[in-house]
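**Q** Take this structure, written in structure tokens, and hold onto it; I'll ask about it next.
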Amino acid sequence: MEIGNLIRMANRIGDFFAAMPDRDEAAEGVANHIQKFWEPRMRIELLDFLAEHPDGDAGTHQLHPLVLATVTAQRERLTPAARRAA
């Protein structure tokens, strides 16, 4: 999948959960959604994007601050098992 589409999808998730008053609950919602509904290759692409752009900003694509903070903090949890074993 093209990284621009993944960033847009991730940012929509961030927009949705950012409306929650409890920041920890919002971050958990982001992590749960990505873990449950994104297939492993999508998560790998997002994690690779962050490895290349740790600030979540590639110029043309910027991650929502909530998504950036959540994925950075939950990197191990969101890394597919097959990749962790490699």
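The values are calculated or read from the model by the stated rules, or taken from the named source; none is laboratory data. If you're wondering where the values come from, they're calculated on a predicted model, not measured in any experiment. Counting neighbours? That spans all protein chains shown, and the Cβs are built from the backbone with ideal geometry, glycine included. Heavy atoms of the whole protein, side chains included, go into the accessibility calculation; ligands, DNA and RNA do not. Shrake-Rupley method; radii C 1.70, N 1.55, O 1.52, S 1.80 Å.
**Q** Report whether or not A10 is surrounded by fewer than 18 Cβ atoms within 10 Å (Cβ to Cβ) and aliphatic (A, V, I, L, M). Before you say what the answer is, go through the steps one by one.
**A** Details: surrounded by fewer than 18 Cβ atoms within 10 Å (Cβ to Cβ): no; aliphatic (A, V, I, L, M): yes.
No: the conditions fail for A10.
**Q** Being under 11 Å from Q74 (Cβ atoms) and surrounded by fewer than 17 Cβ atoms within 10 Å (Cβ to Cβ) is the filter here, so list the residues in the range 15-29 that pass it.
**A** So the first thing to find is which residues in the range 15-29 are under 11 Å from Q74 (Cβ atoms), and the list is 27-28.
If the condition is that a residue be under 11 Å from Q74 (Cβ atoms) and surrounded by fewer than 17 Cβ atoms within 10 Å (Cβ to Cβ), then E28 is the only one that fits.
**Q** Of all residues in the range 49-86, count the ones that are part of a loop (DSSP other than H, G, I, E, B) and open to solvent by 50 Å² or more (accessible area, probe 1.4 Å). Working first, answer last.
**A** First, pick out the residues of the range 49-86 that are part of a loop (DSSP other than H, G, I, E, B): 53-56, 58-61, 63-64, 74, 79-80, 86.
Subsequent filtering for residues that are open to solvent by 50 Å² or more (accessible area, probe 1.4 Å) retains 54-55, 59-60, 74, 86.
Here the count works out to 6.
**Q** Mind checking whether some residue in the range 30-38 is assigned to a helix (DSSP H, G or I), surrounded by 15 or more Cβ atoms within 10 Å (Cβ to Cβ) and among the aromatic types (F, W, Y)?
**A** Within the range 30-38, none of the residues are assigned to a helix (DSSP H, G or I), surrounded by 15 or more Cβ atoms within 10 Å (Cβ to Cβ) and among the aromatic types (F, W, Y).
**Q** A further question on this structure: I'm told A26 meets every condition in (1) small (G, A, S); (2) within 16 Å of I7 (Cβ to Cβ); (3) assigned to a helix (DSSP H, G or I) except one. Can you identify the failing condition by its number?
**A** Only one criterion is unmet by A26, namely (2).
**Q** Also: Given the criteria in contact with a strand residue (DSSP E or B) (Cβ under 7 Å, 6 or more places away or on another chain) and of a type outside the set (K, R), does G56 qualify?
**A** Details: in contact with a strand residue (DSSP E or B) (Cβ under 7 Å, 6 or more places away or on another chain): yes; of a type outside the set (K, R): yes.
Yes: the conditions hold for G56.
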